[in-house]
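The values are calculated or read from the model by the stated rules, or taken from the named source; none is laboratory data. Quick caveat: nothing in here was measured; it's all calculated off a predicted structure. FYI the Cβ positions are ideal-geometry reconstructions off the backbone, even for glycines, and counts take in every protein chain you see.
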Amino acid sequence: MAQAAPGAPDPPAPPELTEIDALLTRQAREALRHSFRLLGGEAVRDAALSAPELPVDPPDWACEVVDASAEPTVVFAPVTDATGQVVDFVDVAVNAAGRALVARSLPRHGQLLTVSQPTSEASGLFAALRRVLTTGEPVTGRDWDATLLLGGEPLHRRLRITATRHRGHVVVTFDGTARRHELISDRVQERGLIGWGEWELASRHSDWSPGLYVIFDRPPGSAPLTLGELARRLVPEDRTAFRVALEHVLSGLPVELELRLRLTDDTRHIRFTLEPLRAASGPVWGVQALVRDVSKSYLRRVQLDEAVHAAERRRQRADAEARVAARLREAVLPSHPPEITVQGVTSAVAYRPAETRSSIGGDWYNVQPLPDGRVLYALGDAAGHGLDAVARMAALRGGLAGLAHTGQPVEKLTAWLNRITFDTDTDGTATAIVCRYHPDRELLRWVCAGHVPPVLLRDGKATLLDETTGLLLGVLPEVTYRAAELPLRGGDTVLMCTDGLVERRDEDITDGLAALLCAVERHGGLSPQQLVDTVSAELLPAPQQDDSCLLALRRGHAPADGRVRGD
């Protein structure tokens, strides 16, 4: 691989990074000019730098008081004029943390407050300390937006001041973190943020919480990243969004956005809440960020979105399948007249499809007068729901309608249905009742293939016709079925139903059958159509989760003359 020549210039930075650097530099210059105006200009700064330190004689207690505090703490002695008026304060004792705020070159020399910190009068700090001294009332938790002068350069700080009078002096604690923590804590608790940082543009000073070092994989104690360095660690596609966010913040507007941070081993999704730092007047002098690593929650959102989309695709497929299944069912199951009388037997059907498309089942029925004068009555249920169940139902009903013209007995017809079910779908099963009425003998012959047994209503008493029940359809390829016979008397009613009418998930089917018998006896005096409608309405749950079919046959008078063959 070719090596770069020694001394070759670095490649130019990407345009987005150049724009971010230029944006930050312009804002830093404006903030610096405004800071010097607050300080009173170059002359005031020069005066503060050249002002001599005054020899002081700290009280014996002063050093113990300041050293007892971890926060910057200063003991100020009043400076009075000839009339006794307090005209300034001089620091006589400063702890180690406070020397960053009150720079000293000699241990026992102090500085005048209004000279070393020119903004102390305009900001109200000097007046507050004088009031504490004269009244004895302490100042507790007063917020102070300070523009300090350190080494001739302005430094912005948000400080919380506590000041008390003690033995003719004022003891002041400058807490640089309490107010910041208080401002941030509500956001941290509210939003689950785990890190914060502040960037001062003019001085390039940055302050980070420990959590921010963890988020950015920086070793504790190392220099915080500048905003420009942070931009360089973003995924290139996100740098434009960061630049636009900075433009909003530097114009005084808070911004919240999510960016991708590229680290050594991985890419993290970081949510930033950026807020401007500014005094009551003047330009933005810094940026504050509340930061949270949302990589895990982002992954969960992605997984959730994928699951939602997959569920939506499944729902759309299920809806499409349900629509096809419903149309196919409507085509296969022609509407039955309210009542139809054939060979002296009146039949009526109450067919109630499930109320949800996902529950479309394979319930079917057939009332078919045959050319030989007999009548075929059949009712069945293909297992499952959806298009497969409806297709299986169509095969069974259509197959039986054709096979019935062969004149074969119901035992043979049912065996053929079993073979159709087995050959059509090896995983599918079905149940059915196949009946044929012989008007010449006033006889009903039927085969029950794993289905709910018929009900006979005779002389006001309802009973189950459970003499024989054969194997359900589709389990074995070859099955022999045995038929049962019932001589029909005038006024007898035979009812056949699918399990959707009597079976519930939380009940034994015997309870459903008992309820069916009671309902049939209670409403037995109604016409066949009224009977099936009333019983169905009474027994079906709401909402209805499965198809239901109830078929009733009632013999009303002697069969018409005609030559028919017997089974």
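Quick look at the values:
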read-out: Matching entry among S281, S297 (being at pLDDT below 90 and assigned to a loop (DSSP other than H, G, I, E, B)); value: S281
read-out: Verdict on R505 being at pLDDT below 95 and either under 29 Å from P409 (Cβ atoms) or in contact with a His (Cβ under 6 Å, 6 or more places away or on another chain) (or both); value: no
read-out: T480 of a type outside the set (D, E) and assigned to a loop (DSSP other than H, G, I, E, B); value: yes
read-out: Failed condition for E256, given (1) surrounded by 15 or more Cβ atoms within 10 Å (Cβ to Cβ); (2) in contact with a Phe, Trp or Tyr (Cβ under 9 Å, 6 or more places away or on another chain); (3) not hydroxyl-bearing (S, T, Y); value: (1)
read-out: Residue check, R157 over 35 Å from the mean Cα position of the chain (by Cα), outside the structural domain of P276 (by TED's automatic domain parsing) and modelled with pLDDT under 75; value: yes
read-out: Failed item, numbered, when D492 is tested on (1) surrounded by fewer than 14 Cβ atoms within 10 Å (Cβ to Cβ); (2) of a type in the set (D, E); (3) closer than 28 Å to L413 by Cα; value: (1)
read-out: Some residue of the range 41-62 being modelled with pLDDT of 75 or more, assigned to a helix (DSSP H, G or I) and touching a helix residue (DSSP H, G or I) at 6+ places or on another chain (Cβ under 8 Å); value: no
read-out: Selected residue (only one of A223, A231, A202 is at pLDDT 85 or above and outside any loop (DSSP other than H, G, I, E, B)); value: A231
read-out: Any hit, the range 476-484, residues being surrounded by 23 or more Cβ atoms within 10 Å (Cβ to Cβ) and modelled with pLDDT of 90 or more; value: no
read-out: Checking G512 against (1) more than 50 Å from the chain's Cα centre (by Cα); (2) under 20 Å from A350 (Cα atoms), the condition it does not meet; value: (1)
read-out: Residue count for the range 359-387, restricted to those that are over 12 Å from Q343 (Cβ atoms), surrounded by fewer than 24 Cβ atoms within 10 Å (Cβ to Cβ) and touching a Ser or Thr at 6+ places or on another chain (Cβ under 7 Å); value: 2
read-out: Yes/no for A401 being buried (at least 24 other Cβ atoms within 10 Å of the Cβ), small (G, A, S), farther than 30 Å from Q316 by Cβ and in the same structural domain as G470 (by TED's automatic domain parsing); value: no
read-out: Single residue of L465, L444, L417, L473 found to be surrounded by fewer than 22 Cβ atoms within 10 Å (Cβ to Cβ), modelled with pLDDT of 90 or more and assigned by TED's automatic domain parsing to the domain that holds L526; value: L465
